[in-house]
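Any read-out appearing in this document is the output of simple, stated calculations on the displayed coordinates, not a laboratory observation. Note that this is a predicted model, so its numbers are computed, not measured. Here the Cβ positions follow ideal geometry from the backbone for every residue, glycine too, while neighbour counts run over all protein chains shown.
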Amino acid sequence: MIRQICAAFLAATTLAGCATTGQVLNTPRAALITDTKTTSTLRDLPAPRQPLDVAVYEFPDLTGQAKPNESFAEYSRAVTQGAAAVLVDVLTTAGQGRWFRVAERTGLQNLVQERTLIENTNRSYGGSSRPLPPVRFAGLIFEGGIVGYDSDEMTGGAGAKFFGIGGDTQYRSDVVTINLRAVSVESGEVLVSTTTTKQIYSFLTRAGAYVFTDPDRLLEIEAGFSRNDPAQLAVREAIELAVYSLIVKGVSAGLWDLKDASAEAQFVASFQQAYVVAQQ
């Protein structure tokens, strides 16, 4: 009997595999990254008097934190290792692209190598005699990184069962911290610095029941659902707020100006009301 059951199971598995061979799984198609709660605010910033030329060399993970796991040691990092690319993307979208002109620096070696290849090819094979224009300089370097990741900053849960029927909910909160500063290329002075944090929430909801269908037979049913905030979106939102804060602090200190100078006081006041006064 056991041999017949195993043979039937094997046959069913083989047929299922043949039926799906060559077919594309019905998974969701690729999508653009989801906006965070700060994306629209940063995108709709008022225009500057003139764009700022900036460069980003690196924006490293300085936490050294591994992904939280209660069962075994994780070697995967808790946060993205590509935060520099995220920062560049955020800078190019600030104020609908009107605030910053970002000079490529993370791939500077590739850029220089390609320019050298063009110049050598033109020189050797009689190509264009017009020299390449100079690479754009940056007046500011944006430095900083992911400086903190605190796991299990807040945990809790609740549950109840009655005669084998019930459920429970558990939650956990982690916190990621970002530091961003603008450094003057001319003097090396740190002109503006800011630090932001973003919480990452995770929760699990479970329900279950068990009953005796017979004196010696127990039926047990379980169901559950969990949801984890994507860590990369939390990092992006913290970076977006850091860029927004840096812009506001620079306007307040007179380092750069809005195109409409009369709106600067209200611009700074709106930020203070939303992110300083509201958190006190």
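Summary table below
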read-out: Whole-angstrom gap from the range 215-268 to the range 24-57, using each part's C-alpha centre; value: 12 Å
read-out: 9 Å beta-carbon shell around Val176, net charge (K/R +1, D/E -1); value: -1
read-out: Under 15 Å, Cβ to Cβ, from Ala269 - net charge with Lys/Arg +1 and Asp/Glu -1; value: -1
read-out: Burial ordering of Phe267, Phe59, fewest other beta-carbon atoms within 10 Å first; value: Phe267, Phe59
read-out: Top positive-direction residue, dipole computed over the range 35-279 with Cβ charges, set Ile178, Gln109, Gly148; value: Gln109
read-out: DSSP beta bridges in the range 35-279 [antiparallel fraction, %, rounded to 5]; value: 90 percent
read-out: Cα-centred dipole magnitude for the chain, charges only on beta-carbon of K, R (+1) and D, E (-1), debye, nearest 20; value: 760 debye
read-out: Extension gain from Glu114 to Arg227, taking 0.36 nm per residue of separation minus the Cα-Cα distance; value: 36.2 nm
read-out: Segment Tyr57-Glu104, length gained on full extension (0.36 nm per residue, minus Cα span); value: 16.1 nm
read-out: Shape call, the range 164-237: gyration tensor on alpha carbons, a/c limit 1.5; value: prolate
read-out: Extension gain from Thr92 to Asp257, taking 0.36 nm per residue of separation minus the Cα-Cα distance; value: 57.6 nm
read-out: Among Arg123, Arg105, Arg172: highest mean-square fluctuation, GNM of the chain, C-alpha pairs under 10 Å; value: Arg123
read-out: Relative exposure of Asp53, Asp152, judged by other C-beta atoms within 10 Å (fewest first); value: Asp152, Asp53
read-out: Relative compactness, the chain, computed as alpha-carbon Rg over 2.2 N^0.38 Å; value: 1.47
read-out: Check: the range 110-258 dipole with +1 on Lys, Arg Cβ and -1 on Asp, Glu Cβ, in debye; value: 620 debye
read-out: Ranked Ser193, Ser187, criterion: other C-beta atoms within 10 Å, fewest first; value: Ser187, Ser193
read-out: Most mobile listed residue (Leu233, Leu62, Leu42) in the chain, GNM with C-alpha springs under 10 Å; value: Leu62
read-out: Local net charge near Gly148, Cβ-Cβ under 13 Å (Lys/Arg +1, Asp/Glu -1); value: -3
read-out: Furthest towards positive pole of dipole, Ala234, Ala30, Thr196, structure part the chain, Cβ charges; value: Ala30
read-out: Proximal aspartates and glutamates to Lys37, defined as alpha-carbon separation beneath 12 angstrom and excluding residues fewer than eight positions away on the same chain; value: Glu237, Glu240
read-out: Given charges at beta-carbon only (K, R positive; D, E negative), |dipole| of the range 28-155 in Debye; value: 860 debye
